[in-house]
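Please treat every number below as a calculation from the coordinates, not as lab data. Model, not experiment: these values are computed from the prediction. Counting neighbours? That spans all protein chains shown, and the Cβs are built from the backbone with ideal geometry, glycine included.
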Amino acid sequence: MTDLSRYARQSVFNKIGADGQRKLAQSRVAIVGMGALGTVAASELARAGVGFLRLIDRDYVELTNLQRQMLFDEADAADGTPKAIAAAEHLRKINSAIILEPVVSDFNARNAETLTRDVDVVIDGTDNAAARYLINDVCRKLAKPWVYGGALGSVGAVMTFLPDGACFRCLFPDAQSGGESCATVGVLNMLTGVVASLQAADTLKILLNSPSLDRRYRTFDLWNNVFDAIEVAQNPDCPCCNGDYTHLNASAVDVPVSLCGRDAYQVAGRGAVDSDALAQRLRGIGNVKLNAFMLVFEGGGAGFTLFPDGRAIVKNVKSADAALSVYAEYIGG
Amino acid sequence: MIYLDNAATTHPKPESVYAAADTAARGGGNAGRGAHSLSRAASNAVDDARNRVARLFGVSDYRRVVFTLNTTDALNLAIKGALSDGNHVLISSLEHNSVVRPLEAMRKLGVEYERVPTSPSDGVSADDVRKLLRPNTKMLAVTHISNVTGARNPIAELGALCRERSVLFLLDAAQSAGSAAIDVDAMNVDLLAFPAHKGLYGLQGAGGLYIRDGIDLAPQRHGGTGSHSELRAQPDELPDRYESGTMNVPSLASLAAGVEYVARRGVENIGAHETALANRLIDGLTQVRGVTVYGAKQGANRSGVVSLNIENVAPTDAAAILDGSFDIAARAGLHCAPDAHSALGTLESGGTLRLSVGAFNTDSDIDACLTAIDAIASGAI
């Protein structure tokens with residue numbers, strides 16, 4: 001029998017209790033993305049005693065992550081430790097009684113089912129729409145609950161999707177390609193903390209079958225003090241709800257092409273990008289050169305050339321996954 | 001789409017090639033396995049390909065042409081099958097990784113290899129090879145045509161030298177088979193590695209190796225051959241000795257059709273067509289400000305591969321712009337031949353932009369490409 005005394009301040013809370021605490025110890029959660037949301041949610045759930053956490057991220061810790069990605073430190077950034085590994089190492093020191101499984105990999109249509117099949121809840125810690133549509137597809141297909149979280153600037157959103165009712169594609173039928181990202185418009189760490197904590201709380205409620213689970217689409221603006229929530233109806237024509245898992249069944253996975261040169265990968269992208277608007281945003285954070293054929297960016301340790309059709313050549317990256325990360329962070333998903 | 005990446009794989013293929021592959025794919029049957037009509041049809045398709053390839057290269061006993069997965073596989077068989085502890089090998093400095101990496105792997109087994117200093121524009125000279133020959137030199141392995149610089153190595157002279165000194169002559173014909181005349185006897189080629197899907201206009205998925213009579217290579221793959229099934233050991237007969245496992249019949253059937261096309265149009269004619277296009281291209285490129293052309297100079301002896309760079313535009317960026325903005329397919333980077341880029345001085349800067357023509361390119365393709373490069377060079381930032 002596992003010793004649950006370390007969770008006394010939680011199990012004494014009457015909505016959890018000793019039975020609830022034991023249930024958490026038997027529970028399994030996958031967190032896709034170990035960034036600002038993923039690290040906070042992982043930290044809270046590890047401390048709360050969720051028995052198994054799969055920590056998925058393809059990226060490496062950088063100095064600019066430390067402002068909001070709560071599990072990492074300067075040594076991780078100096079070493080360029082994979083985020084999944086660094087997160088697991090820190091969490092092991094916090095709770096050695098649970099199982100932590102770091103996965104250093106892109107989350108894609110080829111591995112989505114393998115990485116989610118054996119968990120009870122999936123938490124979205126990603127930063128792009130494509131990944132969320134994929135999580136939505138795989139969770140619908142496997143009838144898994146998942147918890148969406150988004151944060152940009154001071155505006156955040158959270159919604160929990162259960163196997164029944166509205167899905168993410170009912171809420172957002174098409175990818176919103178604002179092209180804005182935390183790299184270009186910034187994000188408050190208080191916001192990502194709030195979003196991730198709400199995601200973790202929802203996860204706990206799902207694992208404990210709590211009737212208090214809020215299934216509404218909740219949004220808030222921490223800077224302008226706006227909190228809102230709306231009901232989302234299931235769309236009868238939603239492809240995903242009708243079993244058409246477009247993103248999961250994609251025949252072509254966007255595998256970056258190694259360019260037979262030095263640490264450069266071509267990422268195909270998902271169609272045309274508004275280079276002028278992107279250049280505008282990127283000018284605040286690095287050097288931008290723009291002409292009719294390409295946008296060249298260098299800054300924040302990243303470098304890429306973006307072409308009008310959406311493809312980009314990402315420079316100075318060690319892996320295909322790292323190239324995808326740079327693309328998602330600076331250009332968008 | 002204007003396709004200028006024929007050095008990677010030729011495109012398009014003659015219609016007869018697609019038809020042959022389609023027939024083979026629908027035909028069913030496993031070549032050399034069984035005596036029913038479908039199996040015999042597959043066997044006949046492979047046999048036809050072998051015979052046509054043999055005739056194209058002047059091979060008198062067609063069984064000495066063995067089919068492999070691709071040129072790399074053929075080179076691996078030649079290098080690993082022929083060499084052993086204590087052997088010394090000479091290569092040019094224009095070699096592809098498909099020659100260099102197997103040799104590098106063989107170093108662990110006591111094989112030594114050495115690069116002969118090579119002109120990126122004129123190839124390796126027989127005199128320079130002669131200076132580096134040692135008593136234990138077992139093999140000279142060179143590419144016929146550089147996949148980076150378009151330079152042509154003097155095969156007949158190198159072959160004669162190898163014959164005189166009893167050195168195995170391994171020719172990598174990845175870039176030349178189908179566009180440069182090869183006669184294994186006249187050129188004293190002992191081992192000839194070639195692809196189905198480049199200048200011979202077959203589909204991807206097959207290559208081959210010619211092995212001169214009297215040379216026994218250690219098989220690198222063992223298994224079923226459809227023959228001598230009572231034997232536990234790999235059979236001695238060619239081609240079975242080196243063809244374990246099911247063959248890629250659709251690719252080989254397409255290869256037969258491709259070779260038929262090449263032979264009908266004439267290897268020399270195709271080569272001359274490609275050379276003329278490359279010369280036209282270089283002619284135009286030299287008039288574009290900011291463009292540097294590398295490797296073989298204009299003239300009758302260069303091949304259809306042209307490497308260049310545009311000032312202030314990384315080669316990978318230039319290729320992406322040609323693709324995205326001009327619908328022109330080209331390849332950028334090191335082209336798996338880092339030594340050639342060392343020789344050109346383009347290794348550190350990420351290689352070159354490579355334009356490579358094929359039998360189906362036209363003058364207007366070249367002119368459109370020149371217009372595009374001019375636009376990129378003048379819009380460069």
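In order along the stretch B:349-357, the phi-based Karplus estimate (6.51 cos²θ - 1.76 cosθ + 1.60, θ = phi - 60°) of 3J(HN,Hα) comes to 8, x, x, 9, 8, 10, 10, 9, 8 Hz; Gly and Pro are listed as x. A simple count of charges around B:Val305, restricted to other residues whose Cβ falls under 12 Å of its Cβ and scoring Lys, Arg +1 and Asp, Glu -1, yields +3. The Stokes-Einstein estimate for the stretch A:15-101, based on a Kirkwood radius over Cα pairs and taken at 20 °C with 1.002 mPa s viscosity, is a diffusion coefficient of 165 µm²/s. Remark: C-alpha extents of the stretch B:266-378 on the principal axes read 39, 31, 22 Å, sorted largest to smallest. Helical runs assigned H by DSSP (4 residues or longer) give chain A a calculated mean residue ellipticity at 222 nm of -9000 deg cm²/dmol, each run adding -39500 (n - 2.57) before division by the residue total. The alpha carbons of chain A occupy a box of 64, 50, 42 Å along the principal axes, longest dimension given first. Measuring spread by the Cα atoms of the stretch A:156-232 yields a radius of gyration and Dmax of 13.8, 39 Å. If you run the Gaussian network model on chain A, springs between alpha carbon atoms under 10 Å, then out of A:Leu191, A:Leu259, A:Leu207 the most flexible one is A:Leu259. Seen from A:Ala77, the other residues with C-beta closer than 11 Å to its C-beta sum to a net charge of -4, counting Lys and Arg as +1 and Asp and Glu as -1.
Computed extension gain for A:Ala268 through A:Asn224, at 0.36 nm per residue and net of the alpha carbon distance, reaches 12.1 nm. Between the C-alpha center of the stretch A:123-140 and that of the stretch A:274-333 there is a gap of 23 Å.
Where only DSSP H runs of four or more residues are counted, chain B gives -12000 deg cm²/dmol as its mean residue ellipticity at 222 nm, each run worth -39500 (n - 2.57). With θ taken as phi - 60° and the Karplus curve 6.51 cos²θ - 1.76 cosθ + 1.60 applied, the whole-hertz 3J(HN,Hα) list for the stretch B:310-323 is 10, 4, 6, 10, 4, x, 5, 5, 4, 5, 5, 5, 4, 6 Hz, x standing for glycine and proline. Extents of the protein assembly as shown, largest first, come to 93, 68, 51 Å (Cα atoms, principal axes, whole angstrom). Placing dummy labels 7 Å off each Cα toward the beta-carbon, the span from B:Asp185 to B:Thr246 is 3.8 nm.
Helix B:267-285 and the longest principal axis of the C-alpha atoms of chain B enclose an angle of approximately 20°.
Between B:Ser166 and B:Asp216, full extension at 0.36 nm per residue minus the direct alpha carbon distance yields a gain of 16.5 nm.
For chain A, the relative contact order comes to 15 percent (Cα pairs under 8 Å, sequence separation of at least 6). Spin-label model, A:Asn189 to A:Arg216: label points 7 Å out along the Cα-to-beta-carbon direction sit 3.1 nm apart. Computed from the C-beta positions of A:Lys15 and A:Asp244 and an R0 of 41 Å, the FRET efficiency is 0.60 to the nearest 0.05.
Here chain B is scanned for GluC sites (Glu not before Pro) in DSSP loops (not H, G, I, E, B) that have at most 15 other Cβ atoms within 10 Å, and the longest stretch holding none of them is B:1-229.
Summing Cβ point charges (Lys, Arg +1; Asp, Glu -1) relative to the Cα centre of the stretch B:266-378 gives a dipole of roughly 240 debye. The stretch between B:Thr286 and B:Leu38 holds 83.7 nm of extra length on full extension. This uses 0.36 nm per residue minus the Cα-Cα distance.
I'd like the FRET efficiency for B:Leu132 and A:Asp79, computed as 1/(1 + (r/R0)^6) with the beta carbon distance as r and R0 of 35 Å, rounded to 0.05. For R0 = 35 Å, the calculated efficiency reads 0.15.
In units of the rule-of-thumb radius 2.2 N^0.38 Å, chain B shows an alpha carbon radius of gyration of 1.00. Volume per residue of the convex hull around the Cα atoms, evaluated for the stretch B:113-194, comes out as 85 Å³.
Under 18 Å from the 7 Å Cα→Cβ point of B:Asp367, by amide nitrogen: which residues of the stretch B:321-355? Correct set: B:328. The separation of the stretch B:41-120 from the stretch B:310-381, counted between C-alpha centres, amounts to 29 Å.
In sequence order, the stretch B:111-119 has phi-based couplings of 8, 10, 9, 9, 8, 7, x, 10, 6 Hz under the Karplus curve 6.51 cos²θ - 1.76 cosθ + 1.60, θ = phi - 60°, and Gly or Pro positions carry x.
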